[in-house]
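Accompanying notes for the structure given below.
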Amino acid sequence: MDAGVLGAILFGRNVGTAAETSLLVRQLKSRAGRPLAVAVDQEGGRVARLRGAPYTPLPPMRAIGQRADAETARKVGRLLAFELRATGFDWDFAPVLDVDSNPANPVIGDRSFGANPAEVARLGVALAEGMERGGVASCGKHFPGHGDTLQDSHLTLPVLEHGLARLEAVELVPFRAYARAALASVMTAHVRFPALGEDVAATMSRASITELLRERIGFDGVVVSDDLEMKAISDPTAAAVDAVRAGVDVLLVCHHAAVQHRVLDALVAAARKGIVTEERLREAHARIDALVGRFVRPAEDRVGELGSSEHRRMIEDLPLGPTSPAVAGWDPTARPGAPG
C-alpha cells in the first residue's frame, strides 16, 4: 500500500462468502488509509468471481444479447452494481465489448453479447450505464477487439490481420459507442494488430492507444491494461513502461508480488530518466483522480442488503436464463476461469 498503488483486484482465489469478502475489502481500504479502488471481473456466466448465495447467478452476456433488449441490459448493470457496491467494490472490469465474430475463439465466445457490432454496442453501453448509475465504474474490454482471434492471450500473443476498414466496421463499433457515452474505462487487448503499424500488442502500442483510442475515437476515460503477467507478455517490466508511454493509465499485475514490485521500480526509473514524461504521468493521474473521485467510496458492511425483498424484486424483473443451445451448457456453480 505504501508504494503508491491505485488499488487491488480480487479473483476467485481471494474471496470466500459474501461476508468474508466484504470484510477483506474493508480491511484493504482501512489499511490503505486513503481512497483505494477495489476491482473485480464480474461479468456473469463463466467469468464471475463472486458466486453462491446471496449473489445472483447471472448467465453469460450472450443470453442478454439474444434477448436484444437494452432495458434488460441496463437492469443487469444496476443489479451488478447493487451487489458489488454492497460488498465494497468500486470497479467492475465489465462489460465485454468484443464482437463474437469467430466461433472458434477460445477465450471470448459467450462472454460477448453477440456477433452483430451494433447490438454489442447498444447492449454493452446500456449495461455499463446501468452499472455506473448504480455507483460502480464500468470497463469496456478488450480494445481494439479480441473477438475474432484464434488464440487465447492468456497463453500466447494473438495476431489479428484485419485491415483498418474491417476494424472500423466490426471491432471498433462498440468502443466508439462506449466513448460517445463518456463511460469510465477501457481495458486493452494483448493482441497484435499489424494494420495499426506497430509490431507489439495493442497494450504497448501508441498507434492503438493514443492515436486510435484517444485521438480518433475520442475516449477520455481511464485506460487500463489487461494483466501483464499473461503469457502474451514476455517481459512485464518492459511492457509496463511501454504501455504507459503508449497511453495506458493503469497497469494490472495480478499474480506475484515480486513482479508488482519490479514493475513499480521500472516505472520509477523510467520517470527519473525521462523515458516516461512528466506530462504523460500528469495526464494519467488526472484521469485516475476523476475515476476515484466519482466511484471510490469507503467500504461499508452492507452484505445484509443482498437477498432483500427489494433485491429479489430486481431479480424477478430480469427474465434471464439459458435461451439457446449456445448457452444451455452454462453452469452457475462452475468456478471462474482465468483473469481478463
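Every number here is computed from the coordinates shown, using simple stated rules; none is lab data. Bear in mind that the values here come from a model prediction, so they are computed numbers and not experimental data. Here Cβ is always computed from backbone atoms with ideal geometry, including for glycine, and neighbour counts include all displayed protein chains.
A few points about this structure:
- Residue-averaged 222 nm ellipticity for the chain, from DSSP H runs of 4+ at -39500 (n - 2.57), nearest 500: -11500 deg cm²/dmol
- Rounded to the nearest whole Hz, the Karplus-based 3J(HN,Hα) values (6.51 cos²θ - 1.76 cosθ + 1.60, θ = phi - 60°) of region 245-260 follow the sequence 4, 6, x, 6, 9, 10, 10, 9, 10, 9, 10, 10, 4, 4, 5, 4, with x at glycine and proline.
- Taking the centroid of alpha carbons for each part, region 120-141 and region 206-234 are 19 Å apart.
- If you count Lys pairs in the chain whose Cα atoms are under 29 Å apart, skipping same-chain pairs closer than 8 places in sequence, the total is 5.
- Loop-located chymotrypsin sites (Phe, Trp or Tyr not before Pro) across region 1-106 with a Cβ neighbour count of 16 or fewer within 10 Å are PHE11, with loop assigned by DSSP.
- Normalised by the number of residues in the chain, the mean separation of alpha-carbon contacts (under 8 Å, six or more apart) gives a relative contact order of 21 percent.
- Cα-based shape type of region 97-187, given that a ≥ b ≥ c are square roots of the gyration tensor eigenvalues and the cut on a/c is 1.5: prolate
- Between region 47-70 and region 242-266, the alpha-carbon center distance in angstrom: 31
- Counting other Cβ atoms within 10 Å as a rough exposure proxy, the listed residues HIS256, HIS146 run HIS256, HIS146 from fewest neighbours to most.
- Tensor-based shape of region 247-291 (alpha-carbon gyration tensor, a/c under 1.5 rounded, otherwise prolate or oblate): oblate
- Sorted fewest first by neighbouring Cβ atoms within 10 angstrom, GLU132, GLU198 come out as GLU198, GLU132.
- Order of LEU58, LEU213, LEU127 - criterion: other Cβ atoms within 10 Å of each residue's Cβ, fewest first: LEU58, LEU213, LEU127
- The HN-Hα couplings worked out from phi for region 285-298 by the Karplus form 6.51 cos²θ - 1.76 cosθ + 1.60 (θ = phi - 60°) are 5, 4, 5, 4, 4, 5, 5, 4, x, 8, 10, 7, 10, x Hz, whole numbers, x standing for Gly and Pro.
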